[in-house]
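Heads up, the thing below is written out as structure tokens.
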Amino acid sequence: MSTTLNNTLLLQLSDTHIREPGRLAYGRIDTAPFLAQAVASIGRLPQAPDAVVITGDLTDFGRAAEYAHLRALLAPLPMPVYLLPGNHDSRAQLRASFADHAYLGEGGDEDFIQYSVPVGGLQLIALDTVVPGASEGRLCTARLQWLDAELTRHARRPVVIALHHPPFRTLIGHMDDIGLREGAEALEAIVARHPQVERLICGHLHRAIQVRFGGTVAATVPSPAHQVRLDLASDAASAWMLEPPGFALHALPQGGRLVSHMAASGQYPGPFPFHDGGQLID
């Protein structure tokens, strides 16, 4: 791989929904080969990311065998991998299955998984939105106070906040019904007080969506497997599609602003030069 001087690269995966080997999600899709494809795509990037963060729904049911399968699929990645639970996950089993990931902390299903770690020139702050046993998310006072304190500690450092449930309406009705049901306004007020927040990066939606939020940008990313159907009707059916999978690469140049790229997962023809025998083609 080539290097890019003074750029910090944070790669975001989300909603991998891994099941036990050979088991199909929703009875139709084997998500494991899609994650393996994404891992291979990361390995082919011209510049290696400094770290990978996965913003939730790591597994489908939070089972030990699912996390073991996830661990095996992620093993080829040579850079640090930071995990965040989604509504399909078990905090306790995630900690048990990735016991060597000290940033996950200790505790059971009722104990939040929140952490703040340096990644190159930025600070990655993971915020837990999970409500055990529920599909929707919430941010209580304790979680928000922790975030505010971390942002104060890193007031002079560019920050990326990672969370599973997006803190905004997406207009995909059935997903907004199980979105962040509490704490979004308080979160936005906190973010607005801390101008060093470059981005809020979220999962849950299985699509690329962006919105202004607290003076910065909040965004979701595609899944490396299946995508939520794009249907903005208020009564749209809950459904998924086998649209092209993807991930995000967030790049922070030294002294600059975060630039986010959405990338397709998989291998495609190219790259080809924009010329033919030295002549530009119009």
Exercise. Can you put His88, His154, His204, His275 in order of Cβ neighbours within 10 angstrom, beginning with the fewest?
Key: His275, His154, His88, His204
Quiz prompt | 10 Å Cβ shell holding at most 14 others, DSSP loop, GluC sites (Glu not before Pro): longest site-free stretch of the chain | solution = 111-282
Quiz item: Roughly how many whole Å is it from the C-alpha centroid of the stretch 136-152 to that of the stretch 253-268?
Solution: 27 Å
Quiz item: Under the definition of Cα pairs under 8 Å and six or more residues apart, what whole-number percent is the relative contact order of the stretch 23-130?
Solution: 23 percent
Practice problem: Give me the net charge of Ser223's neighbourhood, meaning all other residues with Cβ under 11 Å from the Cβ of Ser223; Lys, Arg count +1, Asp, Glu -1. | Solution: -2
Exercise. Just subtract the alpha-carbon distance of Ala149 and Arg212 from 0.36 nm times their residue separation and send over the number in nm, one decimal.
Key: 20.4 nm
Practice problem: Could you line up Phe61, Phe274, Phe213 from fewest to most neighbouring Cβ atoms inside 10 Å? | Solution: Phe274, Phe61, Phe213
Quiz item: With each label point set 7 Å from Cα along the Cα-Cβ vector, what nm distance links Leu230 and Leu171?
Solution: 1.2 nm
Quiz item: In terms of modelled amide H atoms, which long-range or inter-chain residues lie less than 5 Å from the amide H of Glu182?
Solution: Leu139
Quiz item: Given a Förster radius of 41 Å and the C-beta distance between Tyr26 and Gln47 as r, what FRET efficiency does 1/(1 + (r/R0)^6) yield to the nearest 0.05?
Solution: 0.70
Quiz item: Given the Cα-Cα distance of Asp111 and Phe272 and 0.36 nm per residue of separation, how much length would full extension add, in nm?
Solution: 52.9 nm
Exercise. Averaging sequence separations of C-alpha pairs under 8 Å and six or more residues apart, then dividing by the length of the chain, give the relative contact order as a whole percent.
Key: 19 percent
Quiz item: Going by how many other Cβ atoms sit within 10 Å of their own, how do Asp30, Asp50 line up, fewest first?
Solution: Asp30, Asp50
Practice problem: Quick one: grab the alpha carbon gyration tensor of the chain, order the square roots of its eigenvalues as a ≥ b ≥ c, and give me rounded if a/c is under 1.5, else prolate or oblate depending on whether a/b is larger than b/c. | Solution: rounded
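Just so you know, all these numbers are worked out from the coordinates, no wet-lab data involved. Since this is a predicted model, take the numbers as computed values, not measurements. Because the Cβ atoms are built from the backbone with ideal geometry, glycine has one as well, and the counts that use them run over all protein chains shown.
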